[in-house]
Amino acid sequence: MKRFNQVSDILKWRERLLSQRPSKVLIVSNATCGRVKNSIKLVERFRKKFEELRLKDIRLRETGCLGYCEREPIVIVRPYGFFYPQPKVDDVDQIVEESLINGKVIEQLLMKDIKTNQYVYTEKDVPFYKKQNRILFNANFEIDPTSIDDYISIGGYESAAIALTRMSPEEIIKIIKDSGLRGRGGAGFPTGRKWEECRNAKGDIKYIVCNADEGDPGAYANRGLMEGNPHSVIEGMIIGAYAIGCIEGFIYVRTEYPLAVKLLQKAIDDCREYGLLGENILGTGFSFDISINRGAGAFVCGESTALMASIEGKAGEPRAKYIHTSQKGLWDRPTNLNNVETWANVPLIIKNGVDWFRPIGTEGSKGTKIFSLVGKVNETGLVEVPMGITLRQIIYDVGNGIKDNKKFKGIQTGGPSGGILGERHLDEPIDYDQLVRLGSMMGSGGMIVMDENTCMVDVARYYYFNFLKEESCGKCLPCREGLIQIGQILDDICKGKGDEKDLDLLFDLGELVRDASLCGLGKTAPNPLLTTLNYFRDEYLSHIRDKKCPAGVCKDLIRYSIDESTCSGCDVCKKNCPVGAIEGELKKPYRIIEDKCIKCGVCYDVCRFNSVLRT
């Protein structure tokens, strides 16, 4: 059994690992996104091929998420860098025999740049990655998340060793404060200040918590880090625990992340075996250990006090923060809470220093941020970019623009409690403070892109009529009743039953819920409503005054018909109608039976001659 008793042990072990590194490596991404697209069978076939050919000096490395979810699973052949997105199991033999062994590229397996229509040969040339600054996410390419040795070989746990043996807790906290690192989980509270408050709080027993309860629809940056590099989170927590004076830590993971839980537990077990967790770490006299708690799927448990109540075995309900959790948190003891991405930044700052970290980002928001870029954008995935980048750069440079050449309409940042910004905001620099000024928030880093076919009134209705009211714990009246009332008014507007007076009422209700709610869920829940009222007011007025849905989404306000002058009678719309609401004969104009039409829009989508009209 390998066990480190001092810093030099880690350094010697790293040197040994580097000396044994193979010259050729085949990388296969095998996290949740890849597994959905058959990466497990791909890996199994690669393993079998390696056994058949007895490839001892070539390594097959299964990695976690590589960020490019649109193209998962991904195969990379090193040292050549050949980049093969979404290969089939049948391609395995050719990849191994031609690319890995003989160093020849297989052009038919390469991707093409959407803009230039040219082949992209190597990983460094992939447009999706070129515009990013992957100080956190780049390690996902270099390690197998089940291998603590892989993490050590890239410098892992050296920061923790240096912090525990050469730095005082006060020195560590000063570095984190001076770096300008802000919490990556929502409001962006300065990390160093939070650590300092918890360290200075009275109490012999203190705790730290990693919030991995990433419940925002469309957000999965924390999952990507945990599945790709769980050790970075653990190392950050070891450093934080030493600085604050904690003996025990908890990682609170949403139950919908089973692979992340499995990999985190493996990493924790390996750290215990290597002497990096448990009693007398590295012979320093400092003892610290970590446990995993699984959340029950409640969105409100992403809020700090509700999360801590859940860890204690109570109902996940928030409490008023008259006293901060840094003073009284878990079991009424001082507790420091940061999210996955925040903890993962800590080892890098300790290792590289303040002067390395501070130049990245903006004056008030330092470093990079990982965003989950999803929705109506050509290239979806996890993008790591410096704070201060514009929405236009994220959507058009990294995400390669809007799908099907449609027009950009809006983007929601920060999940269901985030605001929806429009075209006028495309050139705004994105950081914590600017998003708040615009009525939105950073949240967990979700970014949902919407095109011209999105109805902003309907989007707002979804959050209040479905998601937010269901996720409210119901403890305080403004949130419990206010969200229901907002949802009902929005539903009436979408059905053509709205009145202009409703807009003033909605605005007042939104402000009331924001100002009077107990916790962060209620206080931020009005953001989608207030931003759509401010930035897309004409769309609300169209629903109310004209009884029209400009995007053609709200079923009660649209009708479908067929233009007989352009209809070719091809029969495609009739074949695809799920309820038989289209009648006619081949090569003659067809007609929609309005009484039977359910307004699903299938006929509109499949018509190649634009003969189906939506009015």
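A few notes on this one:
- Fraction of antiparallel bridges per DSSP, the range 148-357 only, in percent to nearest 5: 10 percent
- Gyration tensor verdict on the range 96-151 (Cα atoms; rounded if a/c is under 1.5, prolate if a/b is larger than b/c, oblate otherwise): oblate
- Mean residue ellipticity, 222 nm, helices only, the chain: the sum of -39500 (n - 2.57) across DSSP H runs of n ≥ 4, divided by residue count and rounded to 500, is -10000 deg cm²/dmol.
- Rounded if a/c under 1.5, otherwise prolate or oblate - the range 283-332, Cα gyration tensor axes: oblate
- Exposure proxy ranking for Cys65, Cys600, based on other Cβ atoms within 10 angstrom of each Cβ and starting from the fewest, stands as Cys600, Cys65.
- Stokes-Einstein, applied to the Kirkwood radius of the range 544-615 over Cα pairs at a viscosity of 0.692 mPa s and 37 °C, places its translational diffusion at 264 µm² s⁻¹.
- For the range 214-361: rounded, prolate or oblate by the Cα gyration tensor [a/c cutoff 1.5]: rounded
- The convex hull defined by the C-alpha atoms of the chain has an orientation-averaged projected area of 30.3 nm².
- Phi angles across the range 564-569 convert, under the Karplus curve 6.51 cos²θ - 1.76 cosθ + 1.60 with θ = phi - 60°, into 3J(HN,Hα) values of 5, 6, 10, 5, 8, x Hz, Gly and Pro given as x.
- Karplus-derived HN-Hα couplings along the range 38-46 (A = 6.51, B = -1.76, C = 1.60, θ = phi - 60°), whole Hz, x at Gly and Pro: 6, 5, 4, 5, 5, 5, 4, 5, 4
- Ranked packing of 103-115, 549-561, most packed first, by mean Cβ within 10 Å: 549-561, 103-115
- Charged neighbours of Asn133, selected by a Cβ distance under 11 Å, balance to +3 (K, R count +1; D, E count -1).
- Principal semi-axes in Å for the range 456-546 [√(5λ), Cα gyration tensor, largest first]: 22, 12, 11
- Cross-link partners of Lys37 among aspartates and glutamates, defined as those whose alpha carbon lies under 12 angstrom from its own and excluding same-chain residues fewer than eight positions apart: Glu70, Glu72.
- For the chain, a crude dipole built from +1 on the beta carbon of Lys and Arg and -1 on the beta carbon of Asp and Glu, taken about the Cα centre, is about 560 debye to the nearest 20.
- Protection proxy ranking, peptides 571-578, 495-502, average beta carbon neighbours within 10 Å, highest first: 571-578, 495-502
- When peptides 185-198, 307-320 are sorted by average Cβ neighbour count within 10 Å, with the highest value leading, the order is 185-198, 307-320.
- Cβ-based charge dipole, the range 559-614, positive-most Cα from Cys600, Ser568, Ser611: Cys600
- Residues Val261, Val233, Val436, ranked from the fewest to the most other C-beta atoms within 10 Å, line up as Val436, Val261, Val233.
- Between the range 354-430 and the range 464-503, the alpha-carbon center distance in angstrom: 29 Å
- All aspartates and glutamates inside 18 Å of Lys366 as judged from Cα atoms, apart from same-chain residues fewer than 8 positions distant: Asp178, Glu341, Asp355, Glu384, Glu428, Asp431, Asp433
- Separation of alpha-carbon centers, the range 33-55 and the range 119-141, rounded to whole Å: 23 Å
- Looking at the chain, the DSSP beta bridges with both ends there are about 55 percent antiparallel.
- Along the range 71-86 the Karplus relation, 6.51 cos²θ - 1.76 cosθ + 1.60 evaluated at θ = phi - 60°, assigns HN-Hα couplings of 10, 5, x, 10, 10, 10, 9, 10, x, 6, x, 3, 10, 10, x, 6 Hz to successive residues, with x for each Gly and Pro.
- Sequence of Phe4, Phe299 once ranked by neighbouring C-beta atoms within 10 Å, starting from the fewest: Phe4, Phe299
- For Ile562, the amide hydrogen comes within under 5 Å of the amide hydrogens of Ile592, Leu613, counting only partners 5 or more places away or on other chains and with H modelled in the peptide plane.
- Restricting attention to the range 456-546, lysine pairs at least eight places apart or on different chains and with alpha-carbon atoms under 26 angstrom apart total 6.
Quick note: the coordinates plus some simple rules give every number you see, no bench work behind them. Keep in mind that what you see is a predicted model, and the values were worked out from it rather than measured. Cβ sites come from the backbone with ideal geometry, for glycine too, and all protein chains shown count toward neighbours.
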